[in-house]
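Chemist: One structure coming up, written as structure tokens, with questions to follow.
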Amino acid sequence: DKGTYPFYMLKEVDEQPVVMRKLVQEYLDTDGSPVIEPELLSRMQQADKLYVVGAGTSYHAGLIGARLFERLTGIPTQVFISSEFAYEQPIMSKKPFFIFLTQSGETADSREVLVNVKKQGWPTLTITNVPKSTLSREATFTLLLHAGPEIAVASTKAYTAQVALQAILAKGLGMAMRKQLAIDFDVKQQLGLVAVGMQAIVDSKDQLESVAARYLAQPRNAFYIGRGIDWSVALESALKLKEISYVQAEGFASGELKHGTIALIEDKTPVIGIITQDRTAGLTRSNLQEVVSRGASVLTIASKHLAQPDDTIVLPDVDELLTPLLSVVPAQLLAYYTSLGKGLDVDKPRNLAKSVTVQ
Ligand code: F6R
């Protein structure tokens, strides 16, 4: 039931702080240590490489997860689009461990990979929102997202839940492996900050509604740009805008724009820069300067400690590995209000179904 909300998507965006707290409650004990099945942790510890597989938004969540796993456990991790992996399996490491990300647990492309991986005898984990779903039943292990039903076709709270749960799992695995590098990443405290930060962003909806009306209502195309983890969020942000508002949006690595794609920038093309990482903030800002001088309408989503006076949206500070949990929220809302402003059916965009059960 969507209560007083006009669309499920807005309700689901608003639920994200609660989902973060729910994950803390489900997976972290009072002293902040992850509570994860020891058998799962021990199978993961034996792996020489983690393979993360998903489609669409779940693939984008995997791009963030890979960085969390590598940084907090030291295990090399690679992310794959399920429909690609299914038909072009790379040369495998000796001891792979597979993580399937799927909100619905029913995506045919992802299931195809799971079936093949099982045949080859490799251990598997499904991270899903739906207990007893196909991919949950068929994997060796399951972790549930506890995000509550996601009804809108555009995935929002499942993305942030997938990122947060991968952070918890990576932390738990890092601790089990006694990795020194994990020690100052207090995942419980960080997810608390994230929940508060998300609340502040969803409370500033009115501002996002007017930004959407002013910059995104007219143009036929738009860009989200960023580097590293911000680029991964740019991909997800662009997908949200495309699927519900039909603006042709591209998520681009900001340094790569000048190698060709910058030719698409015209007067008033919206270019939204995501700036949350110390090492790359200055570089992305200079890439934004390059498009400003070609007439683009530049908007910015920047972390507080990196913010400048004319930034469009300022995000509360959290650990650099968890900034996607905040930077994606304004992008979700910009997509929502652009779609709403055009009078579209936000929850049921054309040509799309909530779960894609064909390959
Ligand atoms: C985008 C979206 C899709 C799904 C994709 C995978 O908003 O919802 O891209 O993320 O179809 O679905 P699941 O996660 O159910 O496997």
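Chemist: Quick check on packing: order 218-229, 195-206 by the mean number of other C-beta atoms within 10 Å, highest mean leading. Walk me through the numbers before you get to the answer.
Modeler: On the way: 218-229: 20.7, 195-206: 17.3.
Most protected by this proxy first, the peptides run 218-229, 195-206.
Chemist: What order do you get for 118-126, 167-175 when each peptide is scored by the mean count of other beta carbon atoms within 10 Å, highest first? Numbers along the way, then the final one.
Modeler: Working: 118-126: 16.3, 167-175: 25.1.
Sorting 118-126, 167-175 by mean packing, highest first, produces 167-175, 118-126.
Chemist: Let me ask something else about it. Can you tally the net charge around residue 100? Count Lys and Arg as +1, Asp and Glu as -1, for every other residue whose Cβ sits under 10 Å from the Cβ of residue 100. List each step's numbers first, then the result.
Modeler: Values: positive: 111; negative: 138.
Neighbour charge sum, excluding residue 100 itself: 0.
Chemist: A further question on this structure: Calculate the spin-label point distance for residue 186 paired with residue 200, positioning each point 7 Å from the Cα along the beta-carbon direction, and give it in nanometres.
Modeler: The two pseudo-label positions are separated by 1.8 nm.
Chemist: Here is a further query. Let me know the Rg and Dmax you get for the stretch 148-229 when you use only its Cα atoms, in Å.
Modeler: 17.5, 53
Chemist: Can you compute 3J(HN,Hα) from phi for each residue in the stretch 288-300, using the Karplus curve 6.51 cos²θ - 1.76 cosθ + 1.60 with θ = phi - 60°, rounded to whole Hz and x for Gly and Pro?
Modeler: 5, 4, 4, 7, 4, 6, 9, x, 4, 8, 8, 10, 9
Chemist: With labels modelled as points extended 7 Å from the Cα through the Cβ direction, what inter-label distance (nm, one decimal) is found for residue 220 paired with residue 178?
Modeler: The answer from the label model is 6.2 nm.
Chemist: From the mean inverse distance of alpha carbon pairs (Kirkwood) and the Cα radius of gyration, derive Rg over Rh for the chain.
Modeler: Values: Rg = 19.6 Å, Rh = 20.5 Å.
For the chain, the value is 0.95.
Chemist: So, one more: Measuring from label point to label point, each 7 Å out along Cα→Cβ, what is the residue 246 to residue 39 span in nm?
Modeler: The modelled label-to-label distance comes out at 5.0 nm.
Chemist: Let me ask something else about it. In what sequence, highest mean first, do 44-51, 156-163 appear when ranked by Cβ atoms within 10 angstrom? Spell out each step's value before the answer.
Modeler: Details: 44-51: 18.2, 156-163: 28.2.
Per-residue Cβ counts within 10 Å, averaged per peptide and sorted highest first, yield 156-163, 44-51.
A short reminder: the numbers here are calculations on the coordinates, not readings from a lab. Just so we're clear, the structure is a prediction, and the values are computed from it rather than from any experiment. No Cβ is skipped: glycine too gets one built from the backbone with ideal geometry, and neighbour counts run over all protein chains shown.
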